Amino acid sequence: MANVDRFMGALSGSIDKVNSVLSSNIDKINGVSLVLRIWRSINENDGFRASYAILESNGTAWAWGENSIGQLGTNNKTRYSSPASVVGAHLFSGLYSGYSSDSSPDFYSRCHGIRASDGSAWGWGSNSYGFLGDNTRTDRSSPVSVARNASYIQISSGLEPTHFLDGATGALWACGANTWGALGTNNQTSYSSPRSVYGNRSYLMVSAAFNNGHALGGDGYCYSWGRYSYGRLGTGGSSDVLTPKRVLGNRVCSYVSEGGICGIQLVAADGSSWAWGYNDYGQLGIGTTGQRTSPVSTLGNRSYAKVSSSYFQTIWIDGDGHMWASGYNDSAQLGIGNATNPIVSPMSVLGDIKFEHGSAGSGYIYALEEGGINLWAWGYNSYGQHGTGDTTARTSPVLVLTPPL
């Protein structure tokens, strides 16, 4: 009987420990446990041929896709078609990817992570113009610390700039290439460590792309700077801008996304979507192609929560979690069930899936299901960027492989 009591006691203790671990990862509605959350978040901005995500269970970062310069952060240059662990004992709260040309005809990815414990920024991948902010111009295959020590709440990378949002002050800092004033530092000097963006203004969110920056100010209005081409600044001018300037329209906004050399998307406080800039593929979602130099309303009487833009396409997530897409669709890569090309207004993505966040890549899309249950991918997959263990292109969402928990 004593042995039975000891066994039951040990069993009870083990069950309590398992329940304790599970309870922190289970979403609840009205106190009822629903499902084990697997993924915490995915990368913001276009990772080009690489994808990044964070596991909910321990905050570790995982990456897959092209790895020719070590941009996956795995301390090697091996390409992975399923999730591989980013090296280092870093637990991240957010991941933020970008890509650059590195003075060659091709593009290479980079990624930054914000460490959960202290908000410090870490970067890896392409660094030819000091994009990583570690005070060097050396590519990195594992995470290195950004030179400025601060507690950051967001990072955004474009082809030339990297922008850091300081959580304590709301100030923006920038590093990288600055040929067109993309850093917003009131000059055209490139920096390999963060420099303050010009002006005494606090910000809520930042989005960098090709050679521009856009940010939501503390007043709720959108500001832009950098290269003017294709009307991407949205300020009504016709020249490059070296410091933040307010975008046209008396419109308070909640979300901004800028992708590649293409369009800029805003979600206004009322959920309406507005866009301007490059639009050769219909990625602005305004019902036609052709650039716009000031904000134009996206078609469809919907209330959106989030938007993500890339060179080729734009995706929106509405207030109910459903995804919509427009842009380049020659191989049905938008996941809308046909290969009509281009798609010039938002069309519903196939599948009865409610999404929490989406990331529009260069010819592919991947998105986090509500509650972090699953990660889905579709579109081009030549470099394994779907994370499905193969290089097969998809025309509708498929599940990304899950690392061992």
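The values are calculated or read from the model by the stated rules, or taken from the named source; none is laboratory data. Here the structure is a predicted model, which means the values were calculated and not measured. Quick reminder, even Gly has a Cβ in these numbers, built from the backbone with ideal geometry, and neighbours come from all protein chains shown.
For the range 193-211, state whether one or more residues are surrounded by fewer than 20 Cβ atoms within 10 Å (Cβ to Cβ) and under 25 Å from residue 89 (Cα atoms). Checking the range 193-211: at least one residue is surrounded by fewer than 20 Cβ atoms within 10 Å (Cβ to Cβ) and under 25 Å from residue 89 (Cα atoms).
Give the residue that is surrounded by the fewest Cβ atoms within 10 Å (Cβ to Cβ), with candidates limited to residues of the range 277-317 that are within 20 Å of the chain's Cα centre (by Cα) and farther than 15 Å from residue 327 by Cβ. For the range 277-317, the residue satisfying everything is 305.
Counted as qualifying within the range 320-405 are no strands (runs of 3 or more DSSP E), as none has 3 or more residues that are free of Cβ contacts under 8 Å to residues at least 12 places away in the same chain, of a type in the set (D, E, K, R) and in contact with a helix residue (DSSP H, G or I) (Cβ under 8 Å, 6 or more places away or on another chain). For the range 255-295, the set of residues classified as closer than 24 Å to residue 319 by Cα, without any contact (Cβ under 8 Å) to a residue 40 or more places away in the chain and either among the hydroxyl-bearing types (Ser, Thr, Tyr) or in a loop (DSSP other than H, G, I, E, B) (or both) consists of 270, 272, listed by residue number.
Per-residue answers, yes or no, for (1) within 21 Å of residue 390 (Cβ to Cβ); (2) at pLDDT 50 or above; (3) not in a loop (DSSP other than H, G, I, E, B):
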residue: 5; (1), (2), (3): no, no, yes
residue: 12; (1), (2), (3): no, no, yes
residue: 15; (1), (2), (3): no, no, yes
residue: 19; (1), (2), (3): no, no, yes
residue: 34; (1), (2), (3): no, no, yes
residue: 57; (1), (2), (3): no, yes, no
residue: 64; (1), (2), (3): yes, yes, yes
residue: 72; (1), (2), (3): yes, yes, no
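All told, residue 402 falls short of being of a type in the set (Val, Ile, Thr) and modelled with pLDDT of 95 or more. One residue stands out in the range 253-276 among those that are farther than 19 Å from residue 305 by Cβ and buried (at least 22 other Cβ atoms within 10 Å of the Cβ): the one that is modelled with the highest pLDDT, namely 276. If the condition is being of a type in the set (Phe, Trp, Tyr) and touching a residue at least 40 places away in the same chain (Cβ under 8 Å), then the range 174-215 contributes 180, 191, 198, 210.
Hey, among the residues in the range 349-382 that are of a type in the set (Phe, Trp, Tyr) and crowded, with 21+ Cβ neighbours inside 10 Å, which one's farthest from residue 47 (Cα to Cα)? Of everything passing the filter in the range 349-382, 355 is farthest from residue 47 (Cα to Cα).
Would you mind stating whether residue 109 is surrounded by fewer than 24 Cβ atoms within 10 Å (Cβ to Cβ) and not in a loop (DSSP other than H, G, I, E, B)? No; evaluated as a whole, the condition is false for this residue. Of the residues making up the range 215-227, one or more are closer than 27 Å to residue 303 by Cβ and under 17 Å from the mean Cα position of the chain (by Cα). Quick one: in the range 212-234, of everything that is small (Gly, Ala, Ser) and within 19 Å of residue 310 (Cα to Cα), which residue is surrounded by the fewest Cβ atoms within 10 Å (Cβ to Cβ)? Out of the qualifying residues, it is 229.
Scanning the range 229-243 turns up no residue that is in contact with a helix residue (DSSP H, G or I) (Cβ under 9 Å, 6 or more places away or on another chain), β-branched (Val, Ile, Thr) and assigned to a loop (DSSP other than H, G, I, E, B). Would you mind stating whether residue 243 is modelled with pLDDT of 95 or more and over 22 Å from the mean Cα position of the chain (by Cα)? Judged against the criteria, residue 243 is a match.
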